[in-house]
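Below: the structure, in structure tokens.
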Amino acid sequence: MEIKIVIKQIKQFLILYLVIFLACLVIKLFFSKSTIYFSVNHFHSDFTDVIFPYITDLGEGWTTIFICLIVILFNYRNAFLLATSYALTSIIAQIIKPIVNAPRPFLFFKDQLSNIHLVKGVEMLRHGSFPSGHTVTAFTAAVVGTYLCRNKNWGYLFLLLALLVGFSRMYLSEHFFEDVTAGSLLGVFLTIFWLAWLDGKKFLHTPKWNRGLLKPSKNIQLKKNAKIV
């Protein structure tokens with residue numbers, strides 16, 4: 001499958017994402033790492049302290065696995081595309097982390113912790129800040145979801161959820177703006193290239209792959225109906 005076919009399928013999602021990504025580059029151009037971090041950190045309330053730990057869980061690998069288990073009930077191909085996309089992008093993200101070996105905010109600002117708002121109950125990690133794995137996962141799932149949905153307007157919701165996951169990583173002081181921005185870029189474009197390669201395989205478009213545990217293929221259903229007649 002050509003990459004332009006995948007891009008066409010997620011065109012609305014991709015255009016809006018690129019606009020937001022360019023805005024992020026402008027922000028980075030004019031503001032320092034510390035300035036961006038503290039601007040986000042100073043935005044907090046009791047409500048957001050409660051809600052963002054749940055939002056950040058949307059970027060957990062276990063969340064994606066759970067979604068795959070639900071999808072497999074209805075369509076093997078869709079579940080396979082989501083699971084393999086997640087596996088690819090998460091593995092690459094985990095390879096990059098130790099190579100860059102960037103400190104997380106809690107370690108980076110260890111001498112300024114009294115000036116930082118930390119959410120109670122959140123384990124503060126110290127290493128492996130770049131890129132944000134949760135953000136990679138969220139944007140990977142958003143791209144696959146948009147690609148597979150017939151109604152492409154769902155892509156706007158998927159993008160919003162992915163953005164919220166990315167913001168939650170900064171809000172919880174687990175990552176910097178740069179980590180999240182890079183994570184989104186990896187999630188989007190690695191997934192696009194992966195889908196362009198994998199979904200071009202003929203076996204994924206056979207009847208047995210386009211059914212699920214709860215949805216038998218048309219051929220199987222026809223045979224059952226023939227027996228009944």
Subset of segment 64-83 (residues that are within 19 Å of Val165 (Cα to Cα) and without any contact (Cβ under 8 Å) to a residue 12 or more places away in the chain): Phe66
Pairs where the first residue, in segment 21-47, is more than 18 Å from Pro105 (Cβ to Cβ) and in contact (Cβ under 8 Å) with a residue 40 or more places away in the chain and the second is part of a helix (DSSP H, G or I) and of a type in the set (A, V, I, L, M), C-beta under 9 Å, 6+ apart: Phe21/Leu185; Phe21/Val188
Restricting attention to segment 49-79, report how many residues are among the aromatic types (Phe, Trp, Tyr), surrounded by fewer than 18 Cβ atoms within 10 Å (Cβ to Cβ) and farther than 19 Å from Leu159 by Cα. 3
Looking at the structure I just gave you, is Ser168 touching a Ser or Thr at 6+ places or on another chain (Cβ under 6 Å), farther than 30 Å from Ile3 by Cα and at pLDDT 95 or above? yes
Segment 144-161, residues that are buried (at least 23 other Cβ atoms within 10 Å of the Cβ), within 14 Å of Ile20 (Cβ to Cβ) and among the aliphatic types (A, V, I, L, M): Leu159
Log entry, pairs with first residue in segment 87-99 being within 19 Å of Ile67 (Cα to Cα), second being at pLDDT 95 or above and of a type outside the set (Ser, Thr, Tyr), beta carbons closer than 7 Å, six or more apart or on different chains, reads Leu88/Leu190; Leu88/Trp194; Thr89/Val136; Thr89/Leu186; Thr89/Gly187; Thr89/Leu190; Ser90/Gly133; Ser90/Val136
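Can you confirm whether Gly187 is modelled with pLDDT of 95 or more, touching a Ser or Thr at 6+ places or on another chain (Cβ under 8 Å), crowded, with 21+ Cβ neighbours inside 10 Å and closer than 28 Å to Tyr76 by Cβ?
yes
Each row is one residue, and each column tells you yes or no for (1) part of a helix (DSSP H, G or I); (2) within 18 Å of Ile91 (Cα to Cα).
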{"residue": "Val122", "(1), (2)": "no, no"}
{"residue": "Leu125", "(1), (2)": "no, no"}
{"residue": "Thr137", "(1), (2)": "yes, yes"}
{"residue": "Ala141", "(1), (2)": "yes, yes"}
{"residue": "Tyr147", "(1), (2)": "yes, no"}
{"residue": "Asn151", "(1), (2)": "no, no"}
{"residue": "Gly183", "(1), (2)": "yes, yes"}
{"residue": "Thr191", "(1), (2)": "yes, yes"}
Does Lys152 satisfy the condition of being charged (D, E, K, R), over 22 Å from Tyr54 (Cβ atoms) and out of contact with any helix residue (DSSP H, G or I) (no Cβ under 7 Å at 6 or more places or on another chain)? no
Test result for Phe193, at pLDDT 95 or above, more than 30 Å from Leu125 (Cα to Cα) and within 18 Å of the chain's Cα centre (by Cα): yes
Filter result for Leu164 (without any contact (Cβ under 8 Å) to a residue 24 or more places away in the chain and either surrounded by 15 or more Cβ atoms within 10 Å (Cβ to Cβ) or outside any loop (DSSP other than H, G, I, E, B) (or both)): no
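The values are calculated or read from the model by the stated rules, or taken from the named source; none is laboratory data. What you are looking at is a predicted structure, and each value in this text was computed from that prediction instead of being measured. All Cβ positions, even for glycine, are placed from backbone atoms using ideal geometry, and neighbour counts span all protein chains on display.
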